[in-house]
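The values are calculated or read from the model by the stated rules, or taken from the named source; none is laboratory data. Values in this document were obtained by computation on a predicted structure and should not be read as measured data. Heads up, the Cβs are rebuilt from the backbone with ideal geometry, glycines too, and the neighbour counts pull from every protein chain shown. With ligands, DNA and RNA removed, areas are computed over all heavy atoms of the protein, side chains included. Shrake-Rupley method; radii C 1.70, N 1.55, O 1.52, S 1.80 Å.
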Amino acid sequence: MIALRSLVFVAWLYLSLALFAVGLSPALILPHRFALGVVKAWARFVLFGLRWIAGVRVEFRGLEHRPTGRALVACKHQGMLDIIIPFVVLDDPCIITKKELMILPFFGWFAWKTKMISVDRSAASKALRDMVKQARDRVAEGRQIWIFPEGTRAPVGSVPDYKPGVAALYRDIGSPCWPVATNAGVHWPAHGFRRYPGTVVYEFLPPIEADLKRAVFMAELERRIETASNALLT
């Protein structure tokens, strides 16, 4: 039954992506807020299907810590759901994503229009400089930068490997950093098509103050996210 429900949901997910992107494509020639509105509507549509088809609820905790205006948000990354969630819970999110996704039909169109930050991970130090520059521009627009400190999806229980990109943004933006913990990978794994019924939790943690030394910041960020994410597994 889980396999069947999962297959139906996957069909729902990708068909809805095409329907929203094509059916509401006129938003691509309108101001930013219209295209962002399409993405936000699609994200909520996905969560509706996830709940009623696959039996996976999404719960938000710590919303009193949720930032508004310019902000740096660092989230544990366990699966595709983590890319959808910012459009449900934040005002004007800007996700840092790999460059390859920007050329995809449908997804790439709206990612380009809403000015997501693309990173060419093969470009090493140049990619880091480009990411920081783009993030600086987006923050100046009052947006919330959503970054995955590990850089890629990691299966539940794997050893964390936090990359230096988040520290570069933290230093350059000069603002606090809001950590987000999750157990999303338990119900929407990093790989495979199965979705397992239950409750996915995204928990906003108290922000880490600005202007800490790099090593101190990285250690504190990893400690908070990993401790809270592991707690959600029990």
Mind listing whichever residues of the range 179-213 are closer than 19 Å to residue 169 by Cβ and at pLDDT below 95? 211
If the requirement is being farther than 30 Å from residue 13 by Cα and of a type in the set (A, V, I, L, M), which of these qualifies: 184, 190, 154, 168? 168
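Conditions (1) among the acidic types (Asp, Glu); (2) assigned to a loop (DSSP other than H, G, I, E, B); (3) closer than 20 Å to residue 188 by Cα, marked per residue:
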| site | (1), (2), (3) |
| --- | --- |
| 43 | no, no, yes |
| 49 | no, no, yes |
| 60 | no, no, yes |
| 94 | no, no, no |
| 101 | no, no, yes |
| 110 | no, no, no |
| 115 | no, yes, no |
| 129 | no, no, no |
| 151 | no, yes, yes |
Out of all the residues in the range 94-106, is one or more touching a helix residue (DSSP H, G or I) at 6+ places or on another chain (Cβ under 9 Å), open to solvent by less than 50 Å² (accessible area, probe 1.4 Å) and aromatic (Phe, Trp, Tyr)? no
Residue by residue through the range 218-234, note down the ones that are aliphatic (A, V, I, L, M) and either open to solvent by 30 Å² or more (accessible area, probe 1.4 Å) or assigned to a helix (DSSP H, G or I) (or both). 218, 219, 221, 225, 228, 231, 233
When the residues of the range 7-66 are filtered to those that are within 17 Å of residue 93 (Cα to Cα) and without any contact (Cβ under 8 Å) to a residue 12 or more places away in the chain, which remaining residue is nearest to the chain's Cα centre (by Cα)? 37
